[in-house]
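A short worksheet on the structure shown next.
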Amino acid sequence: MTTTLTGLECVTCGQRFGPDGPWMTCPDCGPDDGILDVHYDLDAVRAAWKSAPLSGRPLTHWRYRELLPLEASAVQDDWTVGWTPVIDASRLAKELGLKQLLLKDEGRNPTASFKDRASSVGVAHALQLGAKTIACASTGNAATSLAGHAALAGMPCVIFVPHTAPEPKLAQLLVFGATVIAVQGSYDQAYQLCSQACEKFGWYNRNCAINPVLVEGKKTGGLEVAEQSASFGGVPDWVAVSVGDGCTIAAIWKGLSQMHQLGVIDRLPRLLGVQAKGVAPIAYALEHGSMPTDLQDGGTVADSINVAVPRNWRKAVNALKEANGVVVSVDDEQILEAMRAGGRHGVYAEPAAAAAVAGVASAVGDGIISGDSRVLAMVTGSGLKDTRAAIRAGGEPIKIEPNLDTLATALKGRGVTDGAR
Ligand SMILES: *Cc1c(COP(=O)(O)O)cnc(C)c1O
Ligand SMILES: [Zn+2]
């Protein structure tokens, strides 16, 4: 199968590059402004999907291979990423006064977060280029997903994390055999150090903000929402996504847009971006068109979106504008409540993932989302990623002596003792 890739375009100066790259940023605009966007021949994609329809393909994100910047031989069919379930949270929708609320459970990916979409494509691309070592800086999930997929590929990887990363994520990294550098500083500083190290040692750089391949991997989240929407009543009115660096929401929008252009869906949803209160620079940027100057990270339970200096704010703001989008911010209490709410539908979310659900609740409360809407929230990571926060959300078990009468007393009013056998 030949590739449908036509080339890359700099989002700042518009310069076009051929399919051979550069596979990082525009040499004229530099690493901050010269973000590249990957282009495809959509007519060729349409033709390929006609001769080999999506419906007959494996249930992983590799089903969208013609929309990934990989040669056919680099596609890793046995890495089971994507095609995550969409759960109809009907009771929660009713509580919120919403027509429909769908939870796309990205925690069911191989290393338990949405980031597997990006890392799997990144590692496949690194293999294609013959890279020897791969590296990234991450608040946690990009790192664990990279370490997991590098392990699948048998490729060494080096990870830079801020020293505040939750222990379960660190444990995952170390068990996957990554070289883990815990930087005594912020995520921003970890990010800078990683970029310098990639330059110095010639490693493949998995940082999503500057490597256009990663966005293409994340895009499959949007492609999937579009394709799966046929089975849950059509395109949702809103898609809610929590926002840190901004790559995820921008990529999901790109996926949705491509499916619209390809005619798989006949309309597009609006986007709800969700940030943590106190660390909400994208909310500011959407309003003012620039970054705030005085923000610091550290103020939220949602570590995966605790990003004061987002690397991809321009792409995120562009996507939000195109999507007639809105950004809301939620506090820790709202996030913990949303963890419990998702849990009651069998969806175990880490705080940053629950934030999307909290954002939906908040937007409904504020009248931003009307009650007759159908909403899909991307639940971007598993609750297993941050058990300390999960314990905060879940509360305490009932502690009793091993005695049936005491048990009966303790269970009064909990609705579990009425059932007849
Ligand atoms: C990374 C991440 C996000 C945000 O993605 P960005 O690309 O940084 O905006 C949201 N939720 C989880 C669980 C994440 O790991
Ligand atoms: Zn440029």
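Taken over region 368-382, residues that are among the small types (G, A, S) and assigned to a loop (DSSP other than H, G, I, E, B) amount to 3.
Of all residues assigned to region 215-228, none qualifies as being surrounded by fewer than 21 Cβ atoms within 10 Å (Cβ to Cβ) and of a type in the set (K, R). Taking the criterion of being closer than 30 Å to E333 by Cα and either β-branched (V, I, T) or free of Cβ contacts under 8 Å to residues at least 12 places away in the same chain (or both), the residues of region 393-410 that qualify are G395, E396, P397, I398, K399, I400. Screening the candidates P168, P156 for the property of being open to solvent by 20 Å² or more (accessible area, probe 1.4 Å), within 21 Å of the chain's Cα centre (by Cα) and more than 29 Å from E227 (Cβ to Cβ) yields one hit, P168. When region 323-345 is filtered for residues that are touching a residue at least 60 places away in the same chain (Cβ under 8 Å) and either open to solvent by 60 Å² or more (accessible area, probe 1.4 Å) or among the charged types (D, E, K, R) (or both), only R344 remains.
Once region 55-94 is narrowed to residues that are exposed (fewer than 14 other Cβ atoms within 10 Å of the Cβ) and touching a residue at least 60 places away in the same chain (Cβ under 8 Å), the residue that is farthest from D116 (Cα to Cα) is R91. Taking region 90-159 and the helices (runs of 4 or more DSSP H) fully enclosed by it, the elements with 3 or more residues that are farther than 18 Å from L70 by Cβ and away from ligand 2 (no atom under 16 Å from the Cβ) are at 90-96, 141-153.
Condition check ((1) within 22 Å of the chain's Cα centre (by Cα); (2) aromatic (F, W, Y); (3) at pLDDT 95 or above; (4) open to solvent by less than 40 Å² (accessible area, probe 1.4 Å)) across all residues:
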{"site": "T3", "(1), (2), (3), (4)": "no, no, no, no"}
{"site": "T12", "(1), (2), (3), (4)": "no, no, no, no"}
{"site": "G18", "(1), (2), (3), (4)": "no, no, no, yes"}
{"site": "G21", "(1), (2), (3), (4)": "no, no, no, yes"}
{"site": "M24", "(1), (2), (3), (4)": "yes, no, no, no"}
{"site": "L36", "(1), (2), (3), (4)": "yes, no, no, yes"}
{"site": "D43", "(1), (2), (3), (4)": "no, no, yes, no"}
{"site": "W49", "(1), (2), (3), (4)": "no, yes, yes, yes"}
{"site": "P53", "(1), (2), (3), (4)": "no, no, yes, no"}
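When the residues of region 287-308 are filtered to those that are surrounded by 18 or more Cβ atoms within 10 Å (Cβ to Cβ) and among the hydrophobic types (A, V, I, L, M, F, W, C), the one that is farthest from I35 (Cα to Cα) is V301.
Can you name the residue in region 75-89 that is in contact with a strand residue (DSSP E or B) (Cβ under 8 Å, 6 or more places away or on another chain) and part of a loop (DSSP other than H, G, I, E, B) and is also nearest to A124 (Cα to Cα) among such residues? Only one residue tops the list, namely T84.
Right, G148: under 28 Å from H345 (Cβ atoms) and buried (at least 17 other Cβ atoms within 10 Å of the Cβ) or not? For G148, the condition - under 28 Å from H345 (Cβ atoms) and buried (at least 17 other Cβ atoms within 10 Å of the Cβ) - is met. Taken over region 12-59, residues that are more than 15 Å from ligand 2 (Cβ to nearest atom), basic (K, R) and assigned to a strand (DSSP E or B) amount to 0.
Criterion applied to A361, A390 was being open to solvent by 10 Å² or more (accessible area, probe 1.4 Å) and either outside any helix (DSSP H, G or I) or more than 22 Å from W238 (Cβ to Cβ) (or both), and the one residue passing it is A390.
The values are calculated or read from the model by the stated rules, or taken from the named source; none is laboratory data. Owing to the predicted nature of the structure, the values given are computational and were not obtained by experimental measurement. Using ideal geometry, Cβ is built from the backbone for each residue, glycine included, and neighbour counts are taken over all protein chains shown. Note: areas computed on protein heavy atoms with side chains; ligands, DNA, RNA excluded. Shrake-Rupley method; radii C 1.70, N 1.55, O 1.52, S 1.80 Å.
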